[in-house]
1. Which shape class, rounded, prolate or oblate, goes with the stretch 99-149 when its Cα gyration tensor gives a ≥ b ≥ c as root eigenvalues, a/c under 1.5 marks rounded, and past that a/b bigger than b/c marks prolate?
2. At 1.4 Å probe size, with no ligands or nucleic acids counted, give the accessible surface of F51 in Å², nearest ten.
3. Once fully extended, how much extra length lies between D62 and N125, figured as 0.36 nm per residue of separation less the alpha-carbon to alpha-carbon distance?
Amino acid sequence: MTSSATIRASNSAACRTRGAAAACRVALVLASLWLLPTAKAAAAVLQNIDFAALPGNQVRIDLTLSGAAQRPQDFATDTPARIALDFQGVRNALPRKSVPVGVGPVDSLVAVEAGGRTRVVINLNDSAPYDISTQGNRVTVSINPTTAPPAPRAAPRRTAARRPAAPPRAS
């Protein structure tokens, strides 16, 4: 039944008596709620986690969502060494809450859902720099990312030594 059909039904002869009018209003409200998409149906879902060791003690962790990925809120702690990612409005559908990694500085990963968000905690052996990027339905966390080496500093400029002033010419 479409919403316009529901509205027409509430104006029909069957809904004109006092008791039937109340029932029709309830039916209208229920039909309206049924037609609206629910927040849970629209929420993205954390579906998969992949990780890979890269040269230079680097680790790449890819988190795959069911829909477009937004950059999560993040923070890191030193004691214990952890990186936390908060995905607002994302549900967790991973088969396990804890994922052992054991690659480079990454020990394990834990994903839990509570309070309308999913938090992914990356447990590290030691604190390490990280970078987060998103593309499509994927969030990538790079641990110990390589950075371009700093541009070589220009050699200090040498200035020519001042020559002493030439003696005046005799005329």
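The values are calculated or read from the model by the stated rules, or taken from the named source; none is laboratory data. If you're wondering where the values come from, they're calculated on a predicted model, not measured in any experiment. Side chains included, ligands, DNA and RNA excluded: accessible areas come from the protein's heavy atoms. Shrake-Rupley method; radii C 1.70, N 1.55, O 1.52, S 1.80 Å.
1. Working: a/c = 2.37, a/b = 1.28, b/c = 1.86.
Oblate.
2. For F51, solvent-accessible area is about 80 Å².
3. Residue separation times 0.36 nm, minus the Cα-Cα distance, leaves 20.8 nm.
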